[in-house]
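The values are calculated or read from the model by the stated rules, or taken from the named source; none is laboratory data. No experiment lies behind these values; they were computed from the predicted model shown. All Cβ positions, glycine included, derive from the backbone under ideal geometry; neighbour counts span all protein chains shown.
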């Protein structure tokens, strides 16, 4: 009888130890996942924040809604005060600002003849195309539609 109790006690201790270890591993895994998805963590456009497919969709939207004013090469038209959307003019305007700032400005003011007329996905896709045109690398996931996520992505002229 004493032997059975000792055995049962040993088994119960091992089960508790195994359960505690499993809990520690599970909590650690959740913490890693939450940290990776932390919307408060700033990201750079140099980290691949849009996908190639999204940039292609954005290029199509750009051709339909933006190209007539900003040009096929995104150079704008200084005579008519239409800003360039690529290269130095774009980077000077948007350096150190968030992708959400860019999104909000484009959505509020574009297309010039019908501001706000595109759906949110179309605007975000155009932003992805602008990032691609400015030589920022693509990644494996689409640029988010979530305003808080867009606010955490910083446009930077140079990789830090």
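The table below gives the values:
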quantity: Top-ranked residue in the range 82-95 [being touching a helix residue (DSSP H, G or I) at 6+ places or on another chain (Cβ under 8 Å) and in a loop (DSSP other than H, G, I, E, B); ranked as surrounded by the fewest Cβ atoms within 10 Å (Cβ to Cβ)]; calculated: 83
quantity: Residues (farther than 18 Å from residue 125 by Cα and surrounded by 15 or more Cβ atoms within 10 Å (Cβ to Cβ)) located in the range 70-81; calculated: 75, 76
quantity: Test: residue in the range 47-54 that is assigned to a loop (DSSP other than H, G, I, E, B), touching a helix residue (DSSP H, G or I) at 6+ places or on another chain (Cβ under 6 Å) and loosely packed, with under 15 Cβ neighbours inside 10 Å; calculated: no
quantity: Residues (closer than 13 Å to residue 69 by Cα and touching a helix residue (DSSP H, G or I) at 6+ places or on another chain (Cβ under 6 Å)) located in the range 96-111; calculated: 111
quantity: Failed condition for residue 141, given (1) surrounded by 15 or more Cβ atoms within 10 Å (Cβ to Cβ); (2) under 16 Å from the mean Cα position of the chain (by Cα); calculated: (1)
quantity: Residue in the range 102-115 that is modelled with pLDDT of 95 or more, surrounded by fewer than 17 Cβ atoms within 10 Å (Cβ to Cβ), under 14 Å from residue 50 (Cα atoms) and in the same structural domain as residue 47 (by TED's automatic domain parsing) present; calculated: no
quantity: Some residue of the range 119-132 being assigned by TED's automatic domain parsing to the domain that holds residue 63, in contact with a helix residue (DSSP H, G or I) (Cβ under 8 Å, 6 or more places away or on another chain), at pLDDT 95 or above and not in a helix (DSSP H, G or I); calculated: no
